[in-house]
Amino acid sequence: MSKISNSVNSKPPSGIDFRDELRSWLNKRMRITLTDGRILIGVFLCTDRDQNIIIGSCAEYLNEEEERLKSTKDDQRLLGLAMVGAKHMVSIQIDSS
Amino acid sequence: MSQTDDNGPSLEEKKNCNWKDITKDFFELCQQLNVGELVHDVHFGLFEAMSAIEMMDPKMDAGMLCNQVKRKVYDFDEALKANIIKDDNLESEELIGIIDSTYACVVTWLEGHSLAQTVFTNLYLHNPEAIKDKTLKSFCTAILKTVDLIRDRINKASVFEEEDFQSVSYGFKMASEVPSAKVISSLREVEDEFAKKVRSTKDKGEDNETRAKQHELYSAIYSRIKFTRFLYATLLAFSKDKCSGVDDIEKYLNGILDVLLSMQSTIHLGIKPEERECGLHDYPTIMGFEPLVNQRLLPSTFPRYAKITSIEDTMKYLSDMCTRFKFITGVTKCTFLHQAMDFFEDFSKLSPCVLSRSLLHLLVFPINRRFFGNEPLVDVVRDTIRNFIAPPALVPKSSIGSNPDARAYCDAFLQRAANTILQLVNISGQNRARQREKLAHIFEELANLEAEADKLDTYLHRLLMKNSQGQTVVCFVTWVLYHVLKAMFNYLYLGFELELYSPQEYYYIYWYISELHCSWWIPTLSRADNFLMESEAMIETQSGKSAKKVRRQQKKKGKPHAKEVHTAQIHQMLCNAFLKALLGFIRAKKLELADGSSIAFDSEEVRFRRRFAPFQVLSSPQPMAYCHFTDTIDLQRYKPVPEPEHLFQAACKGFQHAKALIEQPPSNQTEQATALLRICKYNIVAMSVLSTGKKEYERPLFDFTVHKHYPIITLKN
């Protein structure tokens, strides 16, 4: 797993409304892959300059296989409010639908 | 790493997830933020952020890799498939091991750990239906039912706090579809089967080692299954209405202790766990147990990991628990409320487990809050007050007893009193430390009840005066005072038991207790005595007996509260003797007092006030002030000022008096009395040595091992 995967849709952040772009992701579902392979899925609530992310109603999956199996059965492990530091993140995805 | 959920039609939002990677954008955008700037919604602030758990922090993140182990953790089905556990044809040694380890888990759970980390580390309990081995299946079903029943009992009694018991069930299935009668009958079947096997392998003269071994194994399983059945049956009998199961309980418990003995002697027969590499929450287990199987069921920040009790300690715990069960059935012999309340207190002094506390509680006050499930509590309180002090208003056929207004007033009071009594009973069911905490808060409630009683007494008194009977009636107040004082004594004595006081404080605590005894407790009891005897005399004379004869009769019978007065005198004497001894040590400069000169808030007066602060809300007994204390212990009043030797001599006399009192009837040969007697004897010796003034020593030591409230004084050389 590469440390930071290439973004699919990269565009240079425009200097003025970069905050708006960050804000546009607020309250959307976010999927974070951690360095130990776990996947967290929850609602993006907060971030700061150091890229600490807080996600709410967060569910934890040990790996992708478990995510596939369990997210549909509603027996995932719920963590609630969780904070992830930048150094523990491998990738960040946002629900664009 | 894009679309992960395309097979999730059950959850609509999941189906539509369309993951877009923003890792790089996110990084770049974030870096443009100012230091300390947060991007967040208006509804989400720093305050909310505080409660987030931090991922990858080993203490907060239970799912983190370092909290997991390298070996694969199997659940029941996986373990079965992987041939790690057997579900059929288990060896006898395996059965014994599994049963013993399961009980170890149950006991650990009863000591306050979570079900997930204890009982349900046993994989077999996750699905007993699927087990083919008949013995194991009946055992597992029975354990589930037992655990469920215990949970139900403890929850209903609600005399626990979080440190006593974890009631969360984590949604485990508790075999609720199996009726309890079936559990018992299937255990019985297995039991009979093993009984046959035991008989068939019985030694018949020929020297056969394997046969003898078989015999031993079969008997071990037999006794374990029997224990399981007895335990479940006992708990079922405890939950029967109106104590109707008590006879059965006694029957089962008599059997259970024998069975436990044979279990204890066969622990070594069970299989033992193999050593293996272990992580933080992991430990070696035998077949069928997986400490980590429920790790992810636990809340993300679970504070502790459960150390499973050893099997030897488990057996000890179980046998102690059954002894306690036997003890608590004795409460059914209490006919009066005060007796039952004393029983609660005596039982609580043994620091019993949460299960036996709960069972006792439910025996006396089941869910319907009736006394032994029968009588409404208000009626019981009425009878209790009548027996305690016989207030004219509650005596049948008395002039105010038939006054409808007075009656309504009384009933309202009784209703209130019943609530307070329930609270007091609940407190005595809690663990010792919580009792003290809760007692500190009950004084407010008691003070209110006191005020109510006072109003009622005044009202009744006015009525009586109208009806031209000239006695002052303070009956209800006296009764409330009785409970107030009991609570106060409990509160103060618990401080000794919980080792809250420092030796520098002992002398004013003993002083306070002694004052309460002589100025409040004994007068309260004698007032109740007088009322009782007067009322009795009145009834008897009304029924035609001569007043003289009645008085003679009463003299013969003795005062109703004589025993309590006697005990109170002993305690007062003891407290006084300790006070003198402690003053002696202080005067001899062997016990240094807290010096208030250096730290303003550490003066003795501040400590004194803090110690007795909960009593401030009470109107009677009036809280005693610190100056009152310093006045009474002021040795300068005497001329010449007594030397330490004189004080020790006085203490010695005090202990001798106390000893003489304990040896007198009506104090009987209780454990309490023997312990107190021992304390007196030892302290008499120590005091007489000290009163010679020749003994060289560094400081006194206080040993509370014999009695929790009174120490044996020894001298450190």
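Each value in this text was obtained by applying a stated rule to the coordinates, not by laboratory testing. Treat the numbers as computed from the prediction; the structure is a model and nothing was measured. Note that each Cβ is placed from the backbone with ideal geometry, even for glycine, and that neighbours are counted across all protein chains shown.
What the table below lists for this structure:
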item: Charge dipole magnitude, Cβ of K and R +1, D and E -1 - chain B, Cα centre, debye nearest 20; result: 3900 debye
item: Entries of B:Lys137/B:Lys202; B:Lys326/B:Lys555; B:Lys202/B:Lys240 with Cα pairs more than 31 Å apart; result: B:Lys326/B:Lys555; B:Lys202/B:Lys240
item: Peptide-level mean, for A:48-59, of C-beta atoms on other protein chains within 10 Å; result: 5
item: In order through segment B:636-644: 3J(HN,Hα) via Karplus (6.51 cos²θ - 1.76 cosθ + 1.60), integer Hz, x for Gly, Pro; result: 5, 5, 8, 10, x, 5, x, 7, x
item: Selection from B:Met321, B:Ala390, B:Ile249, by position along the positive dipole direction of the protein assembly as shown (Cβ); result: B:Ala390
item: At 1.306 mPa s and 10 °C, Stokes D of segment B:159-222 from Kirkwood alpha-carbon radius, µm² per second; result: 103 µm²/s
item: Rounded to the nearest 20 debye, dipole of segment B:55-152 from Cβ charges on Lys, Arg, Asp, Glu; result: 160 debye
item: Number of partner chain Cβ atoms within 10 Å, mean per residue of B:42-53; result: 4
item: Loop chymotrypsin sites (Phe, Trp or Tyr not before Pro), segment B:633-717 (other Cβ atoms within 10 Å of the site Cβ: 16 or fewer; DSSP); result: B:Tyr638, B:Tyr697, B:Phe704
item: Exercise: per-residue mean of other protein chain Cβ atoms within 10 Å, A:31-42; result: 4
item: Distance between segment A:74-97 and segment B:130-155 - C-alpha centres, whole angstrom; result: 39 Å
item: Cβ-placed point charges (K, R +1; D, E -1), dipole of segment B:76-332 about Cα centre in debye, nearest 20; result: 700 debye
item: Rounded to whole Hz, the Karplus (6.51, -1.76, 1.60) HN-Hα couplings of segment B:523-533, x for glycine and proline; result: x, 4, 5, 6, 4, 4, 4, 4, 4, 4, 5
item: Under-5 Å amide H pairs with A:Leu81, H placed in peptide plane, nonlocal only; result: A:Ser57, A:Cys58, B:Ile53
item: For the protein assembly as shown, calculated [θ]222 nm from helices alone, where every DSSP H run of n ≥ 4 adds -39500 (n - 2.57); result: -17000 deg cm²/dmol
item: Farthest positive-ward along chain B dipole, Cα basis, beta-carbon charges - from B:Leu481, B:Gly544, B:Ala660; result: B:Gly544
item: Listed pairs B:Lys134/B:Lys156; B:Lys438/B:Lys580; B:Lys589/B:Lys716; B:Lys81/B:Lys196 exceeding 26 Å between Cα atoms; result: B:Lys134/B:Lys156; B:Lys438/B:Lys580; B:Lys81/B:Lys196
item: Acute angle (nearest 10 degrees) that the helix B:562-587 long axis makes with the longest principal axis of chain B, alpha-carbon atoms; result: 90 degrees
item: DSSP-assigned coil residues among trypsin sites (Lys or Arg not before Pro) in segment B:307-413, each with at most 10 further Cβ atoms within 10 Å; result: B:Lys397
item: Anchor B:Lys20: lysines whose Cα lies under 23 Å away (excluding residues fewer than 8 positions away in-chain); result: A:Lys3, A:Lys11, A:Lys28, A:Lys70, A:Lys87
item: In order through segment B:534-541: 3J(HN,Hα) via Karplus (6.51 cos²θ - 1.76 cosθ + 1.60), integer Hz, x for Gly, Pro; result: 4, 5, 4, 4, 5, 5, 5, 5
item: Relative contact order of segment B:76-332, defined on C-alpha pairs under 8 angstrom at six or more residues apart (%); result: 30 percent
item: Positive dipole terminus of the protein assembly as shown, leading residue within B:Leu355, B:Leu115, B:Asn127 (C-beta point charges); result: B:Leu355
item: In degrees, nearest ten, helix B:503-516 long axis to first principal axis of chain B (Cα); result: 60 degrees
item: Tensor-based shape of segment B:20-68 (alpha-carbon gyration tensor, a/c under 1.5 rounded, otherwise prolate or oblate); result: oblate
item: Charge context of A:His88, other residues only, Cβ under 11 angstrom, K/R +1, D/E -1; result: -2
item: Shape call, segment B:76-332: gyration tensor on alpha carbons, a/c limit 1.5; result: oblate
item: For chain B, the longest site-free run once GluC sites (Glu not before Pro) in DSSP loop states with at most 13 other Cβ atoms within 10 Å are removed; result: B:278-498
